[in-house]
1. Is there any pair linking a residue in the range A:130-142 that is more than 7 Å from chain B (Cβ to nearest Cβ) and at positive phi to one that is assigned to a helix (DSSP H, G or I) and of a type in the set (A, V, I, L, M), with Cβ under 6 Å and at least six apart or on different chains, and which?
2. Does A:Thr102 satisfy being within 11 Å of chain B (Cβ to nearest Cβ) and hydroxyl-bearing (Ser, Thr, Tyr)?
3. Six or more apart or on different chains, Cβ atoms under 7 Å: show the pairs whose first residue is in the range B:7-24 and more than 7 Å from chain A (Cβ to nearest Cβ) and whose second is surrounded by fewer than 19 Cβ atoms within 10 Å (Cβ to Cβ) and among the hydrophobic types (A, V, I, L, M, F, W, C).
4. Here are B:Ile20, B:Ile37: which of them is at pLDDT below 85, touching a helix residue (DSSP H, G or I) at 6+ places or on another chain (Cβ under 7 Å) and of a type in the set (A, V, I, L, M)?
5. For B:Met168, are the conditions met, namely being in contact (Cβ under 8 Å) with a residue 12 or more places away in the chain, out of contact with any strand residue (DSSP E or B) (no Cβ under 8 Å at 6 or more places or on another chain) and surrounded by 15 or more Cβ atoms within 10 Å (Cβ to Cβ)?
6. Only one of B:Ala301, B:Ala280 is at the interface with another protein chain (Cβ under 8 Å from one of its Cβ atoms), assigned to a helix (DSSP H, G or I) and within 20 Å of the chain's Cα centre (by Cα). Can you tell me which?
7. Just need a number here: residues in the range A:47-69 that are within 30 Å of the chain's Cα centre (by Cα) and farther than 23 Å from A:Val261 by Cβ.
8. Which count do you get for residues in the range B:114-155 that are in a helix (DSSP H, G or I), more than 7 Å from every other protein chain (Cβ to nearest Cβ) and among the charged types (D, E, K, R)?
Amino acid sequence: MEIKNNNQNIFKKYTNKINEIKQLKVGAILLILLLIVSIFAPVFATHDPYSLGDEMVAAPSSTHYLGTDGLGRDVFSMIIYGTRTSLMIGIVAALISGVIGTLLGGIAGFFGGKIDRLLTEVNNIFLMMPTFFLILIVVALFGSSLINVMLIIGLTSWVGNARLMRAQAMSLRERTFIMGAYSIGEKKWKILLKHIIPNGIFPIIANTTMIISGAILTEASLSFLGLGDPNVVSWGQIIYNGREYMTSAWWISTFAGIVVVLTVLSFYLIGDGLNRVLSPKLHDQN
Amino acid sequence: MGSFIIRRSFTGILIIFVAIFLNFMLIQLAPGDPISILSGQDSPSPEMEEALREKYGLNDSVGVQFLTYLRTLAGGDLGESILSGRPVSEMIAERIGPTLMLTLTTAIFALLIGTILGIYCARRPGSKLDNLLSGLSYLFDSMPSFWLGMMFILLFASWLGIFPTSGMIDLRANHSGIAYYIDILHHMFLPATTLTLLSIPYFFRITRSSVIQVMSEDFVTTLRATGMKESRIFNKYVLKNSILPTITVFGITIAYMITGVAIIEIVFSWPGMGSFMLNAISRRDYPLLMGIYLVLSISVAVTMIVVDVLYAFIDPRIRYSK
């Protein structure tokens, strides 16, 4: 009974916190809606997003809520199914970047010395590179499958996470509880994985949420350049396909773009909200 | 100061080197052999194959190949475009002007507008305008650049008909003199506005938080206690200290902006590097694509070094540290 009560309190504390910070609340609501849409895509979709209909470039109506595209596909259903693609790309790419950034930053900050200098230099180089063009060349050369796109976005977007984790590790390694871990004979690697990373991970989570936004935008840009995975429906591709019909059928690109904006926005808001939870002092002044 | 410039230049050179190395590795690792990638054909003629083998020393070991590759690049040879058969360096040189024009115009406008708005809002935190602009900065951050560009074309070009939809000059009008430049400005308005709107949030946010941070420093409180006027404190002491981060961000933003410029060029058929990048992608013109990537990497590295050196000139803390 006691434990249950305690749990309820913690839960209440979190929901209060979420309600307190507007960004987090709006972002979380948007995200939940998106998740529901992507999980129950077949329920929401009115047509098969891949089937080519007879009515081409039809304006929004009661049969086709958001009209049809140049091949007669239902834009509304395509957008619904596109949620899955965008969320998957964003989340997987961000996870890759989160893992790489946490490990590299943690190692650099915790061990220091030569490893730190080397990793910081690698970090600086990545920070200054026009990574989008690298992504573009890799996708053009190796093919534009979903996995390639997720991998390359993840592999090029870990710099911010690494910087954050490095700073965290540098400040944490001086703390007493880490000294305590040393004194009971814990190995360095174990300290890094068991104490440093779990205690310093929170800002990385906030930042990784923002990386989801970046990854979704990058995928949209790739699709716009004709480098999207042709086997799946994605928002970027809907916009890309609608470009030819821009003057005659504005609905194709417009609605897909609005959905991208809302999705990216929801992750930005959550990331920013998490940052506020993290450092209320800094943001109270704002 | 001297050692600072040397240190930064070293990083810059390293970046260029890494970009070249990545380019080289990609050709090596890509599916298919380097010849088919460099020639753009699955089965190039024996003469062509021989010529490429000779040029890049493809019969040698990978290490020697890399050196040969470096040597060709050092001579300004970026290879030949598969599409046109012309040297890539020549093609890029022709196109770099309009790209630079668009990039610099938007960078300067975004820097000015973003900084001014940031300062304005930082002095009135929590005001209606501050909330509105903060919200807008999120919104613009979340927009795919090409989509915003398309919406502008839809609204201002095809519905209202105020601005042209594409290109840099009206080819039929054949303007000369001032009319020619006005025509360019007229064509540049939509792409430049799109890019500026998308880049303002960076500068807005960094300036705003920087000003707010400096305003909360102890020395400002002390100045207030002496009874100094708020406007004087701000103009004389806060502004100088808070403007510095903006300059650093300017360098990094240029790197992101170049991506944006390339895509916006495609949307508005602006005759710069970006719009023929699209061609290079769709026809898989790898030498051209890689040439563009290298040139961009070098430009970004150079810009960052220049900005950093400038920063060190302004802020003595940077130049004397370490």
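The values are calculated or read from the model by the stated rules, or taken from the named source; none is laboratory data. Note that the structure is predicted; figures quoted are calculated from it, not measured. Cβ: placed from backbone, ideal geometry, glycine included. Neighbour counts: every protein chain shown.
1. As it stands, the answer is none, since no pair meets every condition given.
2. So A:Thr102 fails the test.
3. So the pair list comes out as B:Arg8/B:Val309; B:Gly12/B:Val302; B:Ile16/B:Ile298; B:Ile20/B:Leu70; B:Ile20/B:Leu73; B:Phe24/B:Phe66.
4. B:Ile37
5. Yes.
6. Only one candidate qualifies: B:Ala301.
7. Going through the range A:47-69 one residue at a time, the tally reaches 4.
8. Number satisfying all stated conditions: 3.
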